[in-house]
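Peer 1: Below are the structure tokens for one structure; questions will follow.
Read-outs throughout are calculated quantities, based only on the coordinates presented, and are distinct from any laboratory measurement. Keep in mind it's a predicted model, so treat the numbers as computed, not measured. Every residue, glycine among them, receives a Cβ derived from its backbone with ideal geometry; neighbour counts consider all protein chains shown.
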Amino acid sequence: MLIAAPAIAVIVGVFHQALPALGWQLFTKRTNSTGIQNAILGSLLFLLGVLIVAGTIGVGAGIYLAEFASGRTERALRFFSEVLAGMPSIVIGYIGYVTLVVEFHWSYSLLAAVMALSVLVLPYIVKTTEVALRNVPSALGEAAAGLGLPRSATVRQVLLPPALPGIVSGLVVALAISTGELAPLLFTAGFSDNDPTLHLFHHQVPYLTNVVFTDISIPGARAHATAAAAGVVTLGILLVLIAIGRILASRARRNTARMSL
């Protein structure tokens, strides 16, 4: 009850405030009118970018730490991952602004925002991947080694399938975190009332959390309702991500069970 009651109260309150703005126009018009269509598309584009960049690097780093790293290399990588996990998101956004937006002359852009979000969620993916692999019974790896399988083939064919549910859960958590972030995007993405594009540089990108942040500061019931509606859509995206993660994890468990038979 201590967990559920505050969550239900927040969800009900947001839905109640968003009711005047909920309608088809919310999903068919841009933020310069009465909708948030472009902001929804921008947030989904960020999710795709984070999945590609942070997912690839994070899962690879987690596999390396769990199965291949040793000695000073392992200690150094683990130390920097833990430091990165404790870094405030606004600091990551500021560093992204100084390096990517200003120094590299990317300007406010899709790639700068994706890189900032990826750095933010990378430690979660690395940690969950490493833990998922270490939770696989060591007997599986020993049996594969006894059969003469190379280490890389053992990880790919024997250890990864049973660890996949944990890895997927880590990816879902990372995507959920990036969906609700604002501070890094204020420094790297800017904002635009136009539809997002696939241009990586010099094009500002709309996103939902900026709509919430901006409209809730504007006097007027309509602006507050739009901000709450953007919050409702963000919650909806989170629920979809959780559902997809559970489905993929369930399928991975069934596949692993068939392998064991």
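Peer 1: Suppose we look only past 15 Å in the calculated P(r) of segment 187-252. What percent of the Cα-Cα pairs does that tail hold?
Peer 2: The proportion of pairs with Cα distances above 15 Å equals 64 percent.
Peer 1: What FRET efficiency would be calculated for the residue pair Asn194, Leu147, taking the C-beta separation as r and a Förster radius of 41 Å, to the nearest 0.05?
Peer 2: 0.10
Peer 1: Let me ask something else. Between Glu74 and Ile177, 0.36 nm times their residue separation minus their Cα-Cα distance comes to what?
Peer 2: 34.5 nm
Peer 1: Could you tell me which residue out of His224, Ser152, Leu182 lies farthest along the dipole of segment 85-235 toward its positive end? Charges go on the beta carbon: Lys and Arg +1, Asp and Glu -1, centred on the Cα centre.
Peer 2: Checked the options; the winner is Ser152.
Peer 1: Quick one: plug the Kirkwood hydrodynamic radius of segment 36-260 (C-alpha pairs) into Stokes-Einstein at 37 °C, 0.692 mPa s, and report D in µm²/s.
Peer 2: The Stokes-Einstein estimate is 173 µm²/s.
Peer 1: For every helix of n ≥ 4 consecutive DSSP H residues, a contribution of -39,500 (n - 2.57) applies; sum these over the chain, divide by its total residues, and give [θ] at 222 nm rounded to the nearest 500 deg cm²/dmol.
Peer 2: That comes out to -23500 deg cm²/dmol.
Peer 1: If you place +1 on the Cβ of every Lys and Arg, -1 on the Cβ of every Asp and Glu, and leave all else neutral, what size is the dipole of segment 134-238 about its Cα centre, to the nearest 20 Debye?
Peer 2: Roughly 380 debye for segment 134-238.
Peer 1: So, how do all the Cα-to-Cα distances of segment 45-96 break down into 5 Å bins, in percent, from 0 on up?
Peer 2: That works out to 4, 17, 18, 25, 20, 11, 5, 0, in percent per bin.
Peer 1: Something else: Starting from the Cα-Cα distance between Ile3 and Arg134, subtract it from 0.36 nm times their residue separation and give me the gain in nm to one decimal.
Peer 2: 44.2 nm
Peer 1: Right, another one. What ranking, highest mean first, results for peptides 112-122, 81-91 when packing means the other Cβ atoms within 10 Å averaged over each residue?
Peer 2: 112-122, 81-91
Peer 1: Sticking with this structure for a sec: What size of dipole, in debye to the nearest 20, comes out for the chain about its Cα centre when the only charges are +1 on Lys and Arg C-beta atoms and -1 on Asp and Glu C-beta atoms?
Peer 2: It comes to approximately 720 debye.
Peer 1: I'd like the FRET efficiency for Ile11 and Glu82, computed as 1/(1 + (r/R0)^6) with the beta carbon distance as r and R0 of 25 Å, rounded to 0.05.
Peer 2: Computed FRET efficiency for Ile11 and Glu82: 0.15.
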